[in-house]
Amino acid sequence: MKRRSFATATGLALLLTSGAIAQDFDLDALIEAARAEPPLTVFDSTGKIVDIAEGFSAKYGIEAIGTKSKATAQMETIIREVQSGNVQTDVSLIADPAAVIGQLLPAGFVESWVPPDLEADIKPEARNPLLVVSSPNIFTYNTALFDTCPVTNIWQLTEPEWKGRVSMQDPLGKPSYTDWFNQMRSYADDRIAAAYQAQYGKPIESEFDSAAEAFVAALAANGPLLTDSDSSAAEAVAAPGQTEPFVGLVSAAKFRDNEGAGFTLGLCSGMNPIIGFANATVGVIVKGTDSPNAAKLFIHYVMTAEGIAPQAEDGKVSSNTTVGLPGDEPSGIGEHLDELLTYNAASGLDDWDTRQDWQDFWRIHYKR
């Protein structure tokens, strides 16, 4: 509770000063300063960073190289470069907010910067640190086998009917899943409990301290099909010719395979109490960069509709409330964002601290 209060207090301090900062901010001056600096090196966990960097270069005439790199690799690179005094990375978009909050920021390896002129449009809970986008991970079904989603309550996924027929990435290798478990316990436990009562007509009773723990334990014990990628989880649900009914938890970005690979993924909208969760990507500037103004300008760019467009096509939701998803985004998640458990960075340190505990919890209860 103390850690959460600290995060809230920090956010309040930022809010109190934002008006004055926004008035003093000069985007044209930032652009001019950025053009006098060395080229940018930018990393992200999605290949779309290449397109974003190219768009940035075309817009501002500043060379930027975007490279796809997993969150763990980005963090290792940043730590090594800063410690050695040979910083080559300027901006990192890291899809592991808990690790950034628990490791990089406290140690001073990176800093978070919120564009002052955009701050009023950025959700308050996404400002400290700056969450660039949220990536929906949503429950899906096969539209070739069902007219509508066969699951209407997440507790049904723990029942014998779905034993071994829920596909998802392995929480032991995917930190965003253990963060989801902890976020459910922190922010949606009453809703998880209410969904249990709605499904079974009685209050939940278990050996655990929270409804979220009871759900995770029951899901693990029902032997879900664990994969090493969203692609494999989506394939189990709706690859061409699939005849065995599965429900999957996959990234909204996989819905592009409906057209590209002939998949038949459908969104399980209306599931009680949530249809999935959103993992956040943190945008940070590496301490010691020799292009600090260009780095800020790049952060500013990705917080605009133009800058984030290549990721918005995959259903990734900007923290800038004025930026929407394209009308032809294939998953349709834009109409159901209020049904997602969105990431709250206020408990990011707790997510980090309990990650190993949740992995052990999953390992103990998982049964094939």
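The values are calculated or read from the model by the stated rules, or taken from the named source; none is laboratory data. All figures in this text were calculated on a predicted structure; none of them were measured in a lab. Here the Cβ is made from the backbone with ideal geometry for all residues, glycine too, and neighbour counts use every protein chain on show.
Could you tell me which of the residues ASP28, ASP51 is surrounded by 12 or more Cβ atoms within 10 Å (Cβ to Cβ) and modelled with pLDDT of 95 or more?
ASP51
Per the listing GLY332, GLY307, the residue uniquely over 16 Å from the mean Cα position of the chain (by Cα), among the small types (Gly, Ala, Ser) and surrounded by fewer than 21 Cβ atoms within 10 Å (Cβ to Cβ) is GLY332. Please verify whether region 273-288 includes one or more residues that are modelled with pLDDT of 95 or more, touching a Cys at 6+ places or on another chain (Cβ under 6 Å) and not acidic (Asp, Glu). Looking for residues that are modelled with pLDDT of 95 or more, touching a Cys at 6+ places or on another chain (Cβ under 6 Å) and not acidic (Asp, Glu), one finds at least one in region 273-288, hence yes.
Residues are listed down the side, and each one gets a yes or a no for (1) touching a strand residue (DSSP E or B) at 6+ places or on another chain (Cβ under 8 Å); (2) closer than 30 Å to THR41 by Cα; (3) charged (D, E, K, R):
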residue: GLY241; (1), (2), (3): no, no, no
residue: VAL250; (1), (2), (3): yes, yes, no
residue: THR264; (1), (2), (3): yes, no, no
residue: ILE275; (1), (2), (3): yes, no, no
residue: VAL282; (1), (2), (3): yes, yes, no
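Filtered by the rule that a residue be within 17 Å of ILE138 (Cβ to Cβ) and either assigned to a helix (DSSP H, G or I) or among the charged types (D, E, K, R) (or both), region 173-191 gives LYS174, SER176, TYR177, ASP179, TRP180, PHE181, GLN183, MET184, ARG191. Listed by position, the helices (runs of 4 or more DSSP H) enclosed by region 252-362 that each have at least 2 residues that are under 12 Å from SER134 (Cα atoms) and in contact (Cβ under 8 Å) with a residue 24 or more places away in the chain are 305-312. So, in region 209-225, of the ones that are free of Cβ contacts under 8 Å to residues at least 60 places away in the same chain and surrounded by 16 or more Cβ atoms within 10 Å (Cβ to Cβ), which residue ends up farthest from PHE139 (Cα to Cα)? Checked region 209-225; the qualifying residue farthest from PHE139 (Cα to Cα) is SER210.
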